[in-house]
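All of the numbers you see were taken from the coordinates with simple rules; none came from a lab. Just so it is clear, the structure is predicted and the values come from calculations on it, not from any experiment. With ideal geometry, Cβ positions are generated from the backbone for all residues, glycine too; neighbour counts draw on all protein chains shown.
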Amino acid sequence: MRIYFLLLFWITAACTSHDSVEGAWQWTSENEQHLMELDLVKSGNQLLGKHCNTFFNGNKIDCAETNSLVLHQVSNNVYEGTFQSSFSDANIPIKITYIADGDKIYLQQLGNSELEYYMAFNVYLTK
């Protein structure tokens with residue numbers, strides 16, 4: 001009987017994916033002058049998050065203490081919504097795609113703002 005339960009536990013663990021769009025994500029530019037961190041949490045079909053971005057070796061900082069990313073799930077592993085800059089209150093339409101193979105996300109900018117803001121777009125972030 002003990003072997004049966006161990007086997008059942010092993011099969012369940014093997015079939016359950018622990019990958020998730022939730023968590024802390026990071027990106028660093030090739031020259032290491034720009035850093036970006038996103039902390040994402042799922043709530044139903046919403047994806048909420050905070051950001052902290054440091055550009056130009058810390059001369060431009062755009063960090064939020066409250067949810068600055070509000071997205072809705074539009075398809076499997078794809079979320080669309082807005083990023084609100086704490087630097088200027090600019091609202092930028094964005095899309096986040098979770099890529100389970102490789103456990104990374106792709107952050108795309110879908111629109112612009114005339115206001116100044118600091119966020120890297122069209123980049124992959126990793127945990």
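Stretch residue 116-residue 74 to full length: gain in nm at 0.36 nm per residue minus the Cα-Cα span?
Going from the current span to full extension adds 12.3 nm.
Cα to Cα, under 18 Å, and not fewer than 8 places away if on the same chain: which aspartates and glutamates meet these conditions relative to residue 60?
30, 32, 37, 89, 114, 116
Taking the dipole about the Cα centre of region 10-127, with the C-beta of Lys and Arg at +1 and of Asp and Glu at -1, give me whichever of 54, 99, 36 is farthest to the positive side.
Going by the charge dipole, the pick is 99.
If I model the chain as equal point scatterers sitting on the Cα atoms and use the Debye formula, what is log10 I(q)/I(0) at q = 0.11, 0.17, 0.21 Å⁻¹?
Log10 I(q)/I(0), no solvent term: -0.43, -0.84, -1.21.
Tell me the chymotrypsin sites (Phe, Trp or Tyr not before Pro) within region 51-127 that lie in a loop according to DSSP and have at most 10 other beta-carbon atoms within 10 Å.
Loop-located and lightly packed - 56.
Can you pull out the GluC sites (Glu not before Pro) in region 12-96 that DSSP calls coil and that have at most 16 other Cβ atoms within 10 Å?
22, 30, 32, 65
With each run of n ≥ 4 DSSP H residues scored as -39500 (n - 2.57), what mean residue ellipticity at 222 nm is computed for the chain after dividing by its residue count and rounding to the nearest 500 deg cm²/dmol?
Here the helix-only value at 222 nm equals -3500 deg cm²/dmol.
At what distance in angstrom do the alpha carbon centres of region 18-50 and region 100-127 lie from each other?
A separation of 9 Å, based on Cα centres.
Using 0.36 nm per residue, how much length does the chain from residue 56 to residue 123 gain when fully extended, once their Cα-Cα distance is taken away?
Full extension from residue 56 to residue 123 adds 22.4 nm.
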